[in-house]
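The values are calculated or read from the model by the stated rules, or taken from the named source; none is laboratory data. What you see is a predicted model, and the numbers here were worked out from it, not measured in a lab. Glycine gets a Cβ as well: all are built from the backbone with ideal geometry, and neighbour counts include every protein chain shown. With ligands, DNA and RNA removed, areas are computed over all heavy atoms of the protein, side chains included. Shrake-Rupley method; radii C 1.70, N 1.55, O 1.52, S 1.80 Å.
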Amino acid sequence: QVQLVESGGGLVQAGGSLRLSCAASGRTLSSYAMGWFRQAPGKEREFVSSISWFSGRTYYADSVKGRFTISRDNAKNTVYLQMNSLKPEDTAVYYCAAGLMTITDMRGRGADYWGQGTQVTVSS
């Protein structure tokens, strides 16, 4: 129903910035929560941030609040994750996600649809 493709990952020094993009296609996103999860080496996948496609309301994990910004471009069917002040502990594969749920439910429940992931590596 929804296909998600991430891009924008790469290697960056601590303190630097990256912007991830997630291009969505398929069923309309009007009622969806969109978001980002990440999985670091040896760790479980964790919630990063979510956004309501319709309203633009946002929600963040405490670990990224104040450093990361999630946004969406409705005309391009694209969700972004602007990552500033990156730390080595931000190193992970970042996954775009979508689901018919609230932005807060995505944190606890996961998602219905997933992208393939994009690698973010932050060097010390």
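Annotations
- Candidate lysines - alpha carbon under 24 Å from LYS43, same-chain residues fewer than 8 apart omitted: LYS65, LYS87
- Counted residue by residue at 0.36 nm each, then reduced by the alpha carbon distance between them, the extension gain from THR28 to THR104 reaches 25.3 nm.
- PHE47 sits among other residues whose Cβ lies under 9 Å from its own Cβ, and their net charge, with Lys and Arg +1 and Asp and Glu -1, is +2.
- The stretch 11-82, accessible surface, carbon-and-sulfur percent (1.4 angstrom probe): 45 percent
- Charge tally in the Cβ shell below 13 Å around GLY16, where Lys, Arg are +1 and Asp, Glu are -1, GLY16 excluded: +2
- Coil-residue chymotrypsin sites (Phe, Trp or Tyr not before Pro) of the stretch 27-107, DSSP, other Cβ within 10 Å capped at 15: PHE54
- Per residue accessible area in Å² of the stretch 1-106, where ligands, DNA and RNA are left out and the probe is 1.4 Å: 48 Å²
- Filtered GluC sites (Glu not before Pro), the stretch 1-94: DSSP coil and at most 12 other beta carbons within 10 Å: GLU44
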